[in-house]
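To start, the structure under review is shown below, and the notes come after it.
Taken together, the values in this text are just the output of simple stated rules run on the coordinates, not laboratory data. Here the structure is a predicted model, which means the values were calculated and not measured. Please note: Cβ atoms are built from the backbone with ideal geometry, for glycine as well, and neighbour counts cover all protein chains shown.
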Amino acid sequence: MAHVRYGDKVRKAVFPVAGTGSRFLPATKASPKEMMAVVDKPLIQYAVEEAIDAGITEMIFITGRTKQSIADHFDKDYELEHQLELQGKIDLLAIAQNIVPKGVSCAVILADDLISSKKGALRQTVETYEQCNSAVTAVQKFEGPSISAYGVISGAKQRDRIYQLASIVEKPVYADAPSDLGLTGRYIFTPKFFAHLAVLKPGVGGEYQLTGAIQALSAEEQVLAYEYERIRYDCGSKLGLLKANIELGLRHHEIGDEVRADLKNELIANI
């Protein structure tokens, strides 16, 4: 999520990455869910790259005591860079040195949602904020009962892909869902939001849900919902993470052709 004052450029993003990742045990017993790889990059790297594409220059990670590897991933590794330079592995050295580009700072965005599109989902959301000068939540349409896993909005459509947010219901029963539009972890918030966040009470399972604070903000000022153009992978689930690895693997410039050939010939035939 990003934080702005009206008229400001969006330059700061907050990544809540303190969760336990219990759905991926035992893989996440010693390593954070956000560091699980999709092809050749951890989930959190995709989220940071999306933020950089949107013009973000300051990243703030809200972590837990077991998440040191996230900070390590974005920190400079002099020994690794020295070894790669000695070995003449210039391409790999460039990758290691540009995990965080110059001019971008990371201090120790929801990374569960890996969104693949020609224009990043956060960039689309930022552009909507800049056009409308309003807090924005990103949403997508869900078919059938899957909507029950999300915060679901109701609101009047203002124009193509933009809705005036009226209410949010957190994880409704399918029959009671107010619409087919669910929140997907990309937000632009104005300062008033943080006053509501400060008094937020934990919900089911002791978790804090942003939806309560967003609903309170919408009672004070306009909040828009933007239905972004995307292909989205819910990497908070095992199936979503597997789909992301397969589909991004198929598009990868180094291994895409091999993955496609193996899926056609060997892997499927042996199942």
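Computed from backbone phi, the HN-Hα couplings of the range 169-178 come to 10, 7, 6, x, 4, 3, 5, 9, 4, x Hz, rounded to whole numbers (Karplus: 6.51 cos²θ - 1.76 cosθ + 1.60, θ = phi - 60°; Gly and Pro given as x). Pairs exceeding 28 Å between alpha-carbon atoms, taken from K171/K243; K41/K201; K12/K192: K41/K201. Couplings 3J(HN,Hα) of the range 245-262, computed from phi: 5, 5, 6, 6, x, 5, 9, 5, 5, 8, 10, x, 5, 5, 4, 4, 5, 5 Hz, in residue order, whole Hz [Karplus 6.51 cos²θ - 1.76 cosθ + 1.60, θ = phi - 60°; x for Gly and Pro].
Taking every DSSP beta bridge that has both ends in the range 121-229, the antiparallel portion is near 75%.
Amide hydrogen proximity for Q209: with H placed 1.01 Å from N in the peptide plane, the residues at 5 or more positions away or on another chain lying under 5 Å are G203. For the range 154-212 versus the range 46-66, the spacing of their alpha-carbon centroids is 21 Å. When +1 charges are put on Lys and Arg Cβ atoms and -1 charges on Asp and Glu Cβ atoms, the dipole computed for the range 121-229 relative to its Cα centre reaches about 120 debye.
For the range 121-229, the relative contact order comes to 39 percent (Cα pairs under 8 Å, sequence separation of at least 6).
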